[in-house]
Amino acid sequence: MATARGLRPLLTLSRCSPSPSRPQALAGVAPGASQVDNSSGFLGRRPHRRHPGVLQLPCVRVPPVLAAAARALLLGECSLPGVEAQVPALRNYLWSRRVPVEPEELQRRARRLEERLLEDADVPPAEERLRQAVLQTLRRTTYHWQELTYNERLSLVYMAARLDGGFAAVSRAFHEIRTRVPKFQPQTLMDFGSGTGSVTWAAHSAWGQSLREYMCVDSSAAMLDLAEKLLRGGSASGEPHVPGVFFRQFLPVSPKVQFDVVVSAFSLSELPSKADRTETIQTLWRKTGHFLILVENGTKAGHCLLMDARDLVLKGKEKSPLDPRPGFVFAPCPHELPCPQLAASKPLACSFSQAYHCIPFSWNKKKQKEEKFSMVILARGRPEEAPRWPRLTQPVLKRPRHVHCHLCCPDGHMQHAVITARQHGRDLYRCARVSSWGDLLPVITPSESELPPSPAEDPLRVDKDA
């Protein structure tokens, strides 16, 4: 069994920039030129619905022991009157949560408002009146961010609202690593902003045989107590179902301490300023031995947070004194270029969806739900040169004899590809038709020098027409 220390030869993804010694390849899907990447030899050995780019995870179910402990805590210790109304209210509040406005941005907005009011007024208003008008407009148009203080009651409501959904999102991120790097067997994990401990349970389900240490970090003592009770089956005296779990309220200070996997799920949006987020991300990256997994809500605000963290790690000049290896994007981006979703005329969030079975609380009328989230997985090392495959950023639209695929390509651009068996080949068409939102499309395109010349560039065709 390969350990996490022997991961270097296992990562076989490429950098976004091509090698100067070979011609640059077309990154999208080109009719008559693109074909299925059969370097692994999967064609003929397994059906197209199981091609190597399939990353979809079946409907996730919270471990029965965890679901039973959550129900016992919520219904046993205190009845929590009005919890049925508090759970959806907290869930909606967390989904619509945005980052706080920085003081510099607030000052810029105030100056713009003041200039606009002076331009529109026939007679310049008095200074105090102008100040009050600017303040009233800012109060009405600025998002009022407030720090959440999780006491015992709010922690229980958060558990009821987010335990199963958070478990599903993190399970999907872990599934990406397990599928693409099956020999990776981590031994240590740190969860920043651990909350109810859903990351620990998901990691135990994925790598329970190899993980020997789980470090849960959360500033709320009530959350840590609740997470420990969940591990013990709903009581403070039971035996923990996951061994090797440790709790603390602050990040480890020593730069020598690293973890094979570091996770921050739905925690960056809870930090009060950009400076705090920058310091936290740099600390988490220094603690990362192999993979840093960041998960946020599948909104534009959550996606922007992840892209800022991604750029900070990729462009950061700060190196760990004990680990000088650079970082690269493992998922979901097939490149290290700026996100094309945010560069569009109408910016969109790059998000994914994961189905999960709801914990059978009385207010959960549906047995299954979808968790919409954004994620970015950063890895250490220098991956070997190998083609990166485009990723499906939306559900595949299946039509008679053709499919519509929205792809994020290795050249940093989005492509809406209409794939048919006649123009792209039977294998590529069938792989695209059975793929789902979030999968990789195993396609390679010949370099520009290998493509046949177009009629306008063919000298024989030009002479003949002349």
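The values are calculated or read from the model by the stated rules, or taken from the named source; none is laboratory data. As the structure is a prediction and not an experimental result, all values here were calculated from the model. Quick reminder, even Gly has a Cβ in these numbers, built from the backbone with ideal geometry, and neighbours come from all protein chains shown. Please note that ligands, DNA and RNA were not included when accessible areas were found on the heavy atoms of the full protein model with its side chains. Shrake-Rupley method; radii C 1.70, N 1.55, O 1.52, S 1.80 Å.
What is the antiparallel percent of DSSP beta bridges lying wholly in the chain, to the nearest 5?
60
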Taking a straight Cα-to-Cα line shorter than 21 Å from Lys315, and setting aside same-chain lysines fewer than 8 residues away, one finds Lys274, Lys287
Shape of the stretch 352-432 from its Cα gyration tensor (a ≥ b ≥ c, root eigenvalues): rounded if a/c is under 1.5, otherwise prolate when a/b > b/c, or oblate?
oblate
Simple spin-label model, 7 Å along Cα-to-Cβ: Thr149 to Ala236 in nm?
2.2
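How would you rank 400-413, 106-119, highest first, on the average number of other Cβ atoms within 10 Å across their residues?
Working: 400-413: 18.1, 106-119: 12.6.
So the order, starting with the most tightly packed, is 400-413, 106-119.
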For Ser96, what accessible area in Å² do you get when you roll a 1.4 Å probe over the heavy atoms of the protein chains, rounding to the nearest 10?
70
State, as an integer percentage, the relative contact order of the chain based on alpha-carbon contacts under 8 Å between residues 6 or more apart.
24
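Can you compute the helix-only [θ] at 222 nm over the chain? Use -39500 (n - 2.57) per DSSP H run of at least 4 residues, normalise by all residues, nearest 500 deg cm²/dmol. If you can, show how the numbers build up before the last one.
Working: 13 runs with 157 residues, N = 466.
Here the helix-only value at 222 nm equals -10500 deg cm²/dmol.
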Shape of the stretch 290-352 from its Cα gyration tensor (a ≥ b ≥ c, root eigenvalues): rounded if a/c is under 1.5, otherwise prolate when a/b > b/c, or oblate?
prolate
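For the stretch 223-307, state which chymotrypsin sites (Phe, Trp or Tyr not before Pro) are in a DSSP loop and have at most 14 other beta carbons lying within 10 Å of their beta carbon. Let's see the in-between values first.
Details: sites: Phe246, Phe247, Phe250, Phe259, Phe266, Trp285, Phe291; in loops: Phe250, Phe266.
Answer by residue number: Phe250.
I'd like to check one number: the per residue accessible area of the chain, probe 1.4 Å, reported in Å² as a whole number. List each step's numbers first, then the result.
Numbers: 23800 Å² over 466 residues.
Each residue of the chain exposes 51 Å² on average to a 1.4 Å probe.
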Determine how large the accessible area of Ile281 is when every protein chain is in place; take a 1.4 Å probe and give Å² rounded to the nearest 10.
10
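Rounded to the nearest 5, what % of the DSSP beta bridges within the stretch 189-290 are antiparallel ones? Provide the component values of the computation, followed by the final result.
Details: 0 of 13 bridges.
Once the DSSP bridges in the stretch 189-290 are tallied, antiparallel ones form about 0 percent.
Calculate what fraction, in whole %, of the accessible area of the chain sits on carbon and sulfur atoms when a 1.4 Å probe is rolled over the protein chains. Can you show the working numbers first?
Working: 12450 of 23800 Å².
Of the solvent-accessible surface of the chain, carbon and sulfur hold 52 percent.
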